[in-house]
Structures are given as C-alpha cells and as structure tokens.
Amino acid sequence: MYEGVLQDLIDELARLPGVGPKGAQRIAFHLLASDPVDVRRLAETMLEMKAKATFCSVCGNVSQAEQCRICADPRRDPTLICVVEEPKDVVAIERTREFRGRYHVLGGAISPLEGIGPDQLRIRELMGRLADGTVTEVILATDPNIEGDATAAYLSRFLKTLDLRVTRLASGLPVGGDLEYADEVTLGRAFAGRRNAGE
C-alpha cells in the first residue's frame with residue numbers, strides 16, 4: 001500500500017477492465033515518472049473523449065456526431081445489418097473489409113449471472129430498424145461464448161417471425177473467445193461461411 005494520491009490513482013486504474021492491481025501499479029509509476037506535459041495531454045484527451053464521444057442514434061456505435069460514419073455512408077448496403085455486442089466488435093469486423101452493410105450494436109449480451117436480460121440490450125431499437133422492410137438479412141455476430149450464443153439464440157427466435165434471412169457467423173472463431181481478438185483472416189472466413197441461425 002502506498003500513501004495518498006498515488007494509492008488513489010492505483011485504486012482507480014485497477015477498476016478499469018483488464019487492469020489488475022499489478023498492472024495498475026505499473027501504469028501509476030509510469031505516469032509518476034512521465035513528463036508533466038505528457039500526463040496533462042493524456043488527462044485532457046480523456047476529458048475531451050468523455051465530452052465529445054457519444055453513441056450513434058441509429059446503430060449504437062461510437063460516434064462524434066448524431067450518426068456514425070458507417071450509418072452516414074450512402075455506399076453501405078442498407079439491406080444487411082450485422083448485429084454485434086459492442087462497438088469494439090464493429091472495428092474488428094471492419095478490419096476484414098468483408099462486410100459492406102450496416103451494424104447494430106446491442107450494448108452487451110444476455111447474461112443472467114450479471115443481471116443482463118434482453119430488456120437491457122438494444123433489441124427494441126433493432127426491431128424498429130427492421131420495421132420498414134428494407135433489411136433482407138440480419139447477421140448475428142455475437143461472441144462465440146455462452147452469453148453470445150444465448151443472445152444469438154434469443155434473437156434468432158425473435159426474428160423468425162419477420163420475413164428476412166437470419167444468419168450466424170460460421171465456425172472458425174474460437175469458442176469462448178472475443179471478436180476483438182480474432183485475426184482478420186479467421187474473421188473474414190467466418191463471415192464468408194456464415195449460415196442460417198438455428199441450424
């Protein structure tokens with residue numbers, strides 16, 4: 001245990017996802033040894049991000065405007081919607097350059113242990129986007145783990161009542177993994193070999 005503001009910083013950093021106590025301590029000591037100009041720039045960037053970054057009113061992706069650049073791009077195919085859990089998954093899929101449709105970010109996955117049910121996800125907004133009949137295919141690109149599979153199963157049952165194709169990414173993605181860690185080739189092949197959901 002350190003004293004004062006250093007320990008306060010370590011405690012705050014340790015609350016971040018993926019940063020444990022030792023990692024928080026290393027980051028805090030790095031910042032302590034850094035030039036004050038660099039630390040100030042980091043702090044100002046974080047404050048500016050919090051003030052300016054928001055979520056797209058259409059798909060839920062991260063944006064600095066009302067609509068993200070993907071939703072605002074008229075070259076994207078409006079008949080395809082790829083449903084993902086988080087904005088980081090949009091970035092992973094975009095890196096493959098395999099998908100030219102639009103996205104819908106759920107904001108998580110169904111996880112009863114964490115108290116996250118369908119009502120906490122952006123499913124109602126997805127249904128609103130499908131109401132006008134423009135979309136012909138919904139690709140379920142949730143993580144290939146228990147929560148992602150449960151979310152995809154729920155959505156596929158929910159979407160079967162609509163007159164559209166519902167597909168799930170093909171195998172090739174590691175079970176229990178996260179989309180953000182998949183390489184472009186694996187993710188690209190999974191997109192190319194997607195199948196009907198529920199098969």
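The values are calculated or read from the model by the stated rules, or taken from the named source; none is laboratory data. Remember, predicted model here, so these are calculated numbers, not experimental data. Every residue, glycine as well, gets a Cβ built from its backbone with ideal geometry; the counts of neighbours run over all protein chains shown.
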Would you pick out the residues in the stretch 136-164 that are of a type in the set (D, E, K, R) and either at pLDDT 95 or above or not assigned by TED's automatic domain parsing to the domain that holds Leu80 (or both)? Glu137
Those residues of the stretch 23-55 which are assigned to a helix (DSSP H, G or I) and among the acidic types (Asp, Glu), in sequence order: Asp38, Glu44, Glu48
Leu31 fails exactly one of (1) loosely packed, with under 14 Cβ neighbours inside 10 Å; (2) modelled with pLDDT of 95 or more; (3) over 18 Å from Val105 (Cβ atoms), namely (1)
Quick one: in the stretch 56-84, of everything that is surrounded by 21 or more Cβ atoms within 10 Å (Cβ to Cβ) and within 20 Å of Arg189 (Cβ to Cβ), which residue is farthest from the chain's Cα centre (by Cα)? Cys82
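Taking the stretch 145-172 as the search range and keeping residues that are part of a loop (DSSP other than H, G, I, E, B) and among the small types (Gly, Ala, Ser), which one is surrounded by the most Cβ atoms within 10 Å (Cβ to Cβ)?
At the first step, the residues of the stretch 145-172 found to be part of a loop (DSSP other than H, G, I, E, B) are 145, 160-164, 169-170, 172.
Retained after the next criterion (residues that are among the small types (Gly, Ala, Ser)): 170, 172.
Numbers: Ala170: 13, Gly172: 16.
Filtering the stretch 145-172 for residues that are part of a loop (DSSP other than H, G, I, E, B) and among the small types (Gly, Ala, Ser), the one surrounded by the most Cβ atoms within 10 Å (Cβ to Cβ) comes out as Gly172.
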Can you tell me which residue in the stretch 70-98 is modelled with the lowest pLDDT, limited to those that are within 20 Å of Glu180 (Cβ to Cβ) and among the acidic types (Asp, Glu)? Glu98
Matching residues in the stretch 106-144 (outside any helix (DSSP H, G or I) and aliphatic (A, V, I, L, M)) number 11
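Restricting attention to the stretch 85-100, which residues are surrounded by fewer than 18 Cβ atoms within 10 Å (Cβ to Cβ) and part of a loop (DSSP other than H, G, I, E, B)? Full working, then the answer.
Narrowing the stretch 85-100 to residues surrounded by fewer than 18 Cβ atoms within 10 Å (Cβ to Cβ): 88, 91, 94-95, 97-98, 100.
Within the stretch 85-100, Arg97, Glu98, Arg100 qualify.
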Can you tell me how many residues in the stretch 74-85 are free of Cβ contacts under 8 Å to residues at least 60 places away in the same chain and in contact with a strand residue (DSSP E or B) (Cβ under 9 Å, 6 or more places away or on another chain)? 7
Output yes when any residue across the stretch 60-69 is under 22 Å from Phe158 (Cα atoms) and at pLDDT 95 or above, and no when none is. yes
Members of the stretch 98-111 that are free of Cβ contacts under 8 Å to residues at least 60 places away in the same chain and either closer than 16 Å to Asp143 by Cβ or in contact with a helix residue (DSSP H, G or I) (Cβ under 8 Å, 6 or more places away or on another chain) (or both): Arg102, Tyr103, His104, Val105, Leu106, Gly107, Gly108, Ala109, Ile110, Ser111
Are any of the residues in the stretch 128-142 among the small types (Gly, Ala, Ser) and surrounded by 16 or more Cβ atoms within 10 Å (Cβ to Cβ)? yes
